[in-house]
């Protein structure tokens, strides 16, 4: 099921419709109630009950006036009836959804809710026009299988696709005003022809995209290359006080060899650490801000390489003792968390909740399951420092627990390319997506003091959450500036099995302020020090505890 129906889409349609027979308050209460019921029923596998509500929404004439909400209502009806075994109804609703403009063909292909109708002749007929439109953009001709060295034709075709998708879809060319994208294409056209491996080919594509300086515009390599490029030792590094230090060790056996938190890395494979990073890491990492680039370079990718090639580190400890260690690259995680949600009670009746991702629907389910404990607390800390994003719907649904009134979400705009307008000499036009209101949770609300912890690792939908939190003045943001990278990514396939990603949406605060390319500034800035790392002291968390403990004093 597409969960967007549960809150965002329906609200968009209802609130935007001035001709509704209900008042705005009536519509708000009605939609909030029905949305929560649909979501709850679906999660409990009570599909019959969910479909009954969807059928009621289907009868609301005003819903048809908002294409986005209407097509998703139809699509979810198709999913529901498929699960119930009502194949003819399911196909009918799916066909109506496509005719009404539903365009997410990849969602249709992978959605298990439609498995009951996928092999029927009616299914192919229902999606025929959408399939034809999809393959105009995602032709199988580009989706060739992986091999150690792609053909020259595949390399040129892939580069050309990257160039064209970005040329017509990228939302931030004004942020790189001196970049000549066409010239860069020509330079790399010669370069990709001369590559001797698929690995080297993809590195060129990555370096090319990195020059756009946008964290949501990048190249993801084929799965077959992941262990060749992104294996790393079981440690996490970070740039702290302008020094590269180990902030966590994930393997007990490494601890026994003298590798521990707080060691400074002086060199990598005999090259001074900063020089190594600038030469071998930074040019390939896409980032929207300087703080995000430092995170990519010194935390995520610094020690990445082939699983078959150990890395030699020169290290020094707090006493100035210097030594070398050769570490195997046998670890593949980039972020420091073990569960999507971590909960604990802190001193002074403060509840601590780390929301480590919004990319898993279960983050909302787990938050809801913990709410009984949360509501008993005197104050709440939400830690988003390791949350690089996911699905903004999940972020906003959690926000609904923290307010007692409807709240506005981010706004945005995307390029509206028209060949006719171009032929007539008109300037670039944009499609506007204004901020809309979402409802609070109708049954559960936490209205006590809240602090949100952020860092340069906080990005994408986590930043969307922070933008709304900041706009509402709901509490304090504490830590360091966020990554400054969000927006709607468009993904497209490349020869050999890789994926290109391009940011198609310019995203703004609900009040129109910019934060992409800047980062969301904390209300209270707290930086980690090397001494903090070595002692295990969490200065940002302790600052939040101090502020919440002294509230009202």
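The values are calculated or read from the model by the stated rules, or taken from the named source; none is laboratory data. What you see is a predicted model, and the numbers here were worked out from it, not measured in a lab. FYI the Cβ positions are ideal-geometry reconstructions off the backbone, even for glycines, and counts take in every protein chain you see.
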Inset, instruction - Out of 280, 250, report the one residue that is at pLDDT 95 or above, under 27 Å from the mean Cα position of the chain (by Cα) and within 30 Å of residue 218 (Cα to Cα). - result: 280
Inset, instruction - Output yes when any residue across the stretch 402-412 is in contact with a helix residue (DSSP H, G or I) (Cβ under 9 Å, 6 or more places away or on another chain), assigned by TED's automatic domain parsing to the domain that holds residue 507 and either surrounded by fewer than 18 Cβ atoms within 10 Å (Cβ to Cβ) or within 28 Å of residue 251 (Cα to Cα) (or both), and no when none is. - result: yes
Legend entry - From 323, 371, 367, residue being out of contact with any helix residue (DSSP H, G or I) (no Cβ under 8 Å at 6 or more places or on another chain) and over 30 Å from residue 244 (Cβ atoms): 371
Legend entry - Selection count, the stretch 495-507, where residues are surrounded by fewer than 23 Cβ atoms within 10 Å (Cβ to Cβ), touching a helix residue (DSSP H, G or I) at 6+ places or on another chain (Cβ under 8 Å) and under 18 Å from residue 175 (Cα atoms): 1
Inset, instruction - Check whether at least one residue in the stretch 297-310 is closer than 19 Å to residue 205 by Cα and part of a strand (DSSP E or B), and report yes or no. - result: yes
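Quick check on the stretch 361-380: of everything there that is within 22 Å of residue 344 (Cβ to Cβ) and under 22 Å from the mean Cα position of the chain (by Cα), which residue is surrounded by the fewest Cβ atoms within 10 Å (Cβ to Cβ)?
Looking only at the stretch 361-380, we keep the residues that are within 22 Å of residue 344 (Cβ to Cβ), and these are 362-380.
Cutting the leftovers down to under 22 Å from the mean Cα position of the chain (by Cα) gives us 362-368.
Numbers: 362: 13, 363: 23, 364: 25, 365: 15, 366: 17, 367: 21, 368: 17.
Ranking the qualifying residues of the stretch 361-380, first place goes to 362.
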Inset, instruction - Just name the residue that is surrounded by the most Cβ atoms within 10 Å (Cβ to Cβ) out of those in the stretch 318-332 that are free of Cβ contacts under 8 Å to residues at least 24 places away in the same chain and in a loop (DSSP other than H, G, I, E, B). - result: 321
Legend entry - Which listed residue is under 22 Å from residue 382 (Cα atoms), in contact with a strand residue (DSSP E or B) (Cβ under 7 Å, 6 or more places away or on another chain) and either modelled with pLDDT under 95 or surrounded by fewer than 18 Cβ atoms within 10 Å (Cβ to Cβ) (or both), from 524, 545, 540: 524
Inset, instruction - Considering every residue within the stretch 422-429, establish whether at least one is closer than 26 Å to residue 174 by Cβ and either in contact (Cβ under 8 Å) with a residue 60 or more places away in the chain or not assigned by TED's automatic domain parsing to the domain that holds residue 392 (or both). - result: no
Inset, instruction - Quick one: which residue in 207, 238 is surrounded by fewer than 20 Cβ atoms within 10 Å (Cβ to Cβ) and in contact with a helix residue (DSSP H, G or I) (Cβ under 6 Å, 6 or more places away or on another chain)? - result: 207
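Can you tell me which of 199, 243 is surrounded by fewer than 21 Cβ atoms within 10 Å (Cβ to Cβ), in contact with a strand residue (DSSP E or B) (Cβ under 6 Å, 6 or more places away or on another chain), at pLDDT 95 or above and within 27 Å of residue 326 (Cβ to Cβ)?
Numbers: 199 fails: in contact with a strand residue (DSSP E or B) (Cβ under 6 Å, 6 or more places away or on another chain).
Just a single option satisfies the conditions, and that option is 243.
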